[in-house]
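Here the structure is laid out as C-alpha cells; the discussion comes afterwards.
Readers should treat all values here as calculations from the given coordinates under stated rules, not as data from a laboratory. If you're wondering where the values come from, they're calculated on a predicted model, not measured in any experiment. FYI the Cβ positions are ideal-geometry reconstructions off the backbone, even for glycines, and counts take in every protein chain you see.
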C-alpha cells in the first residue's frame with residue numbers, strides 16, 4: 001500500500017501539501033498485523049498514533065464484563081490521537097480484524113520533534129485532531145442525552 005496516497009486521504013492530514021506529507025512519512029513506520037492480533041491494549045501507556053493503511057481494526061472497550069466493540073476503522077482512519085494530547089493510558093484496545101492489516105505509526109516523540117521543525121504541519125494536524133475529537137464528543141453527548149427509546153429511531 002502506498003503510504004503517501006493513504007495519508008492524503010486521511011482527515012488527520014487534511015490541508016497538508018504533498019511535500020509536507022512526504023517529509024512527515026519519513027518519521028513514521030509501517031507495521032503489519034494479522035487477524036486477532038492485539039495492536040494495543042486498553043490501559044497501556046500511550047506512545048504513538050497510527051493510521052490504517054489497509055485492512056480493518058476494531059476499537060474495543062474492555063471495561064465492561066464483556067468486551068464491547070465501539071467502532072471498526074479502515075484505510076485512512078486513525079487511532080491514538082489522545083496520546084499526542086495527554087500521553088495518558090489508552091482508553092480502548094485495538095484488535096486486527098482482517099487477515100492482514102497494515103498500519104503506519106508515529107511515536108509521540110518523533111511527531112512532536114517533527115512539529116518543532118515544521119510548525120505549520122503541527123498546527124494543521126492539531127487543528128484536525130481537535131475538530132475530530134469535538135465531533136466525537138458532540139455525537140456522544142447527543143446520543144447520551146437522548147431518551148433511551150429515541151436512540152433507535
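Kindly express, to the nearest 10 degrees and within the range 0 to 90, the angle between helix 119-145's C-alpha long axis and the longest C-alpha principal axis of the chain.
Its long axis makes an angle of about 10 degrees.
What nm distance separates the two modelled labels at residue 120 and residue 38, each placed 7 Å from Cα along Cα→Cβ?
Label-label distance for residue 120 and residue 38, simple model: 4.3 nm.
How high is the FRET efficiency between residue 99 and residue 30 when r is their beta carbon distance and R₀ equals 22 Å, given to the nearest 0.05? The partial results should precede the final answer.
Numbers: r = 17 Å, r/R0 = 0.77.
Between residue 99 and residue 30 the formula returns 0.85.
Where does the chain land on Rg(C-alpha)/(2.2 N^0.38 Å)?
1.08
Taking 0.36 nm per residue of sequence separation and subtracting the Cα-Cα distance, how much length would be gained by fully extending the chain between residue 5 and residue 110, in nm to one decimal?
Residue separation times 0.36 nm, minus the Cα-Cα distance, leaves 35.7 nm.
Going by alpha carbons, how many degrees (0 to 90, nearest 10) lie between the helix axis of 108-117 and the longest principal axis of the chain?
40 degrees
How many nm separate the modelled label positions at residue 19 and residue 61, each set 7 Å beyond the Cα in the direction of the Cβ?
Between residue 19 and residue 61, the label points sit 4.4 nm apart.
For 51, 129, what ranking results if the residue with the fewest other Cβ atoms within 10 Å of its Cβ goes first?
Placing the least packed residue first, the sequence is 129, 51.
For region 3-141, what does the relative contact order come out to in percent, with C-alpha contacts under 8 Å and a separation of six or more?
With pairs under 8 Å counted, the relative contact order is 33 percent.
Arrange the following residues from fewest to most other Cβ atoms within 10 Å of their Cβ: 104, 123.
Least to most surrounded, the residues fall as 123, 104.
Sequence gap at least 6, Cα distance under 8 Å: using those rules, report the relative contact order of region 45-102 to the nearest whole percent.
The value is 49 percent.
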